[in-house]
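So the structure is just underneath, and the comments pick up after that.
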Amino acid sequence: MLFIQTLFAGAAFVAAVAAKVEINEWPQTVEAGKTYEVTYSPADGGATTFILRQGANADLTTVKTLTTSATGGKFSWKVDDSVPNSNNYALEVIQSGTDNNNYIGPIALSGSDATSSTAPSSSAVPSSSVAHSSSAVSTKASASASASAS
């Protein structure tokens with residue numbers, strides 16, 4: 001009996017560690033000054049960080065950290081007026097205590113009066129929504145680097 005309890009406890013631990021954080025619902029277009037709800041799972045994974053990123057999938061740059069303390073599977077994102085209009089933003093989600101992160105995008109932002117001379121062009125992102133893990137980004141970046149080295 002003890003063996004079976006140990007086996008189930010071990011399986012539960014492996015399942016918990018293997019659970020990949022995902023963004024389930026997110027806005028594909030946002031307007032500066034408005035608030036949007038983003039849902040993610042697993043909801044009980046502890047404090048969760050959301051980072052606004054911008055650029056092509058293989059070359060995302062950090063715009064700003066939106067929160068480091070989201071919990072419960074929901075995050076209310078008030079879009080900052082200081083972020084310039086663009087259609088190539090992405091959200092990165094990271095659960096604390098793990099190296100578990102994921103990305104979702106593109107997200108288009110409008111209604112901002114802010115300007116940026118360093119914002120990437122809008123043509124850098126595919127027109128369809130994509131969700132990918134950090135390993136996919138790393139793979140794409142490695143493939144790009146290998147192709148340019150040839």
ask   = For THR35, which of the numbered conditions (1) in contact with a Gly (Cβ under 9 Å, 6 or more places away or on another chain); (2) at pLDDT 95 or above fails to hold?
value = (1)
remark   = Of the conditions (1) loosely packed, with under 15 Cβ neighbours inside 10 Å; (2) farther than 15 Å from LEU91 by Cβ; (3) modelled with pLDDT of 95 or more; (4) not polar (S, T, N, Q), the single one that ALA16 does not satisfy is (3)
task = Looking only at region 77-86, decide whether some residue is open to solvent by 30 Å² or more (accessible area, probe 1.4 Å) and touching a helix residue (DSSP H, G or I) at 6+ places or on another chain (Cβ under 8 Å).
result = no
ask   = Do we have any residue at all in region 47-69 that's without any contact (Cβ under 8 Å) to a residue 40 or more places away in the chain, surrounded by 16 or more Cβ atoms within 10 Å (Cβ to Cβ), of a type outside the set (A, V, I, L, M) and under 16 Å from VAL21 (Cα atoms)?
value = no
task = For ASN101, indicate whether it is touching a His at 6+ places or on another chain (Cβ under 8 Å) and either open to solvent by less than 40 Å² (accessible area, probe 1.4 Å) or among the β-branched types (Val, Ile, Thr) (or both).
result = no
request  = Could you please find all residues in region 104-113 being touching a residue at least 60 places away in the same chain (Cβ under 8 Å) and either surrounded by 20 or more Cβ atoms within 10 Å (Cβ to Cβ) or in contact with a helix residue (DSSP H, G or I) (Cβ under 8 Å, 6 or more places away or on another chain) (or both)?
outcome  = ILE104, PRO106, ILE107, LEU109
Selection from region 87-97 of residues that are part of a strand (DSSP E or B) and open to solvent by 20 Å² or more (accessible area, probe 1.4 Å) = ASN87, ILE94
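The values are calculated or read from the model by the stated rules, or taken from the named source; none is laboratory data. Note that the structure is a prediction, hence the values are computed from the model and not measured. FYI the Cβ positions are ideal-geometry reconstructions off the backbone, even for glycines, and counts take in every protein chain you see. Ligands, DNA and RNA are stripped out before the accessible areas are found, and what is left, the full protein with its side chains, is counted by its heavy atoms. Shrake-Rupley method; radii C 1.70, N 1.55, O 1.52, S 1.80 Å.
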